[in-house]
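Single-structure report; data block below.
The values are calculated or read from the model by the stated rules, or taken from the named source; none is laboratory data. Just so you know, these numbers come straight off a predicted model, no measurement behind them. Cβ placement follows ideal geometry from the backbone for every residue including glycine, while neighbour counts extend to all protein chains displayed. Heavy atoms of the whole protein, side chains included, go into the accessibility calculation; ligands, DNA and RNA do not. Shrake-Rupley method; radii C 1.70, N 1.55, O 1.52, S 1.80 Å.
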Amino acid sequence: MKKILSVSGALLLLLSALSTAAPAAVAQPSPSANWHAERACPDVPAGNASCFALKYVDDSTGSAKALPQGGRVTPASSTPLSTGKTPADIQSAYNITGLKSGGRTVAIVDAYGYPNLERDLGVYRSQFGLPACTVNNGCLTIMNQNGGSKLPKFNSGWADETALDVDAVSAACPDCKILVVQATTASIANLGTAVATAAKQPGVAAISNSYGGGDSADSTYGAYYNHPGIAVTASTGDNGYSGSSYPASSSYVTAVGGTSLVKDTSNRGWGESAWSGSGSGCSSVNAALPAAAAFGTGCSKRASADLAAVADPQTGLSVYAPSNGTTSSWAQYGGTSLSSPLIAAMYALSGNSGNATAPANSLPYANAGKFNDVASGSTGSCPTSQWCLAGTGWDGPTGVGTPNGVAGL
């Protein structure tokens, strides 16, 4: 994979974009100058997927410890970072404050196990005054890829990913039930099996997939992700324009890109630009979405992304996640791993997960005027400018835009 664009680069792009925009940016708390984004999961061999979670890392104290796969981790924090988005922020930014799902279920598909998932989710929800979501009260369900109760072995990177996912769903949809399906390994086949298992569970309105590998064919893996009547979302990746990542490149999913999200003085109260890492590209093997035909994507086949939400780690979410196999702490996370579960939760809030005639990934195109059009920001250079440069209408990093309420979903 290409090296992830630095978050400092993302900030420069963001500041440049804001400097020419009418609304003034509101002063934001700033991390240390020594911070950067660290991937939770390392690169993987072909046929496998890597999680896309990015974690705030601060080397300024000199006390950070090295990760086995390289890089650094931030010292444990006992309270949420002041720079991290809260549930109130997410709900305000996307105009979903006070919306209810009626107890619909959002499924999270990840690899490997996370023994302290229920405990850590409880800490997150208690911190922000959200209702308890436990196994005993029926809000939380955890199963393996085949629907059984014997869960896979712990993996620290994927546990971080899972913590981000369940906290993101909680932030956007506090009354949603959460189903976590844990694949035995990070192979596309095992993760796909977990998606198929999630789709069979009663009440599932949306399934989020915050991982990806190289562009792959629906003729091989598509059956795992083809579930009319359920909104299946997938992260486009954190490497900017780089071709397509599967399953985001599948014709059966909603491909979710990423933005930088800051408070400003506009009527909305928030400004967004394309995050410099937001994945985009044209599939070489999967069919274009019929709903996107009028949007001039420039791709002869499947184009990514369809829509977006916050993903820039610097403007990311406060998350309570594992520090190791036994202890957990607060940190700040981003990547398109954040935007995918946020969009899945908003599909659940809308109550419209599509059907065989109008699949969920067609809805943003049919209702493009009901999204916040993200018209600034860039992920670098590419053969066709709209694949990496945000602008009016559809663009690769942000699709048709970000949700303004859930009327577009």
Seminar exercise, completed: Taking protein heavy atoms only, a 1.4 Å probe, and rounding to whole percent, the accessible area of the chain owed to carbon and sulfur comes out at 52 percent
For this session: Name all residues of region 101-116 having a backbone nitrogen under 20 Å from the label point set 7 Å from the Cα of N146 along its Cα→Cβ direction, giving them as ranges.
Result: 109-114
Exercise. Using the per-residue mean of other Cβ atoms lying within 10 Å as a proxy for protection, in what order, highest first, do the peptides 333-345, 214-226 fall?
Worked result: 333-345, 214-226
Seminar exercise, completed: Taking a probe of 1.4 Å and leaving out DNA, RNA and ligands, the chain shows per residue an accessible area in Å² of 36 Å²
Exercise. Zone of S284 (label point 7 Å along Cα→Cβ, backbone N under 14 Å): which residues in region 201-215?
Worked result: 214-215
For this session: Please check which bits of region 309-337 a label hung off S82 would reach, taking the label as a point 7 Å along Cα-to-C-beta and the cut-off as backbone N under 18 Å.
Result: 314-319, 330-333
Exercise. Which aspartates and glutamates have a Cα lying under 14 Å from the Cα of K301, excluding residues fewer than 8 positions away in the same chain?
Worked result: D215, D218
Seminar exercise, completed: Yeah, the chain with a ≥ b ≥ c from its alpha-carbon gyration tensor (a/c under 1.5 is rounded, else prolate when a/b outruns b/c, oblate otherwise) is rounded
Exercise. What figure in square angstrom, to the nearest 10, would you give for the accessible area of R39 with a 1.4 Å probe?
Worked result: 50 Å²
Exercise. Given the rule -39500 (n - 2.57) for each run of at least 4 DSSP H residues, summed and divided by the residues of the chain, what is its mean residue ellipticity at 222 nm, to the nearest 500 deg cm²/dmol?
Worked result: -6500 deg cm²/dmol
Problem set entry | Most mobile of K301, K100, K200 in a GNM of the chain (Cα contacts under 10 Å) | K200
Problem set entry | Given K55/K153; K85/K177; K200/K370; K150/K177, the pairs whose alpha carbons are separated by over 24 Å | K200/K370
Problem set entry | Relative contact order %, the chain, counting alpha carbon pairs below 8 Å whose residues are six or more apart | 21 percent
Exercise. What are the semi-axes of the equivalent ellipsoid of region 140-231, taken as the square roots of 5 times the eigenvalues of the Cα gyration tensor, listed largest first and rounded to whole Å?
Worked result: 20, 17, 14
Exercise. Packing-wise, with mean Cβ within 10 Å as the measure, how do 187-197, 77-87 rank, highest first?
Worked result: 187-197, 77-87
Exercise. Using 0.36 nm per residue, how much length does the chain from N367 to K100 gain when fully extended, once their Cα-Cα distance is taken away?
Worked result: 94.0 nm
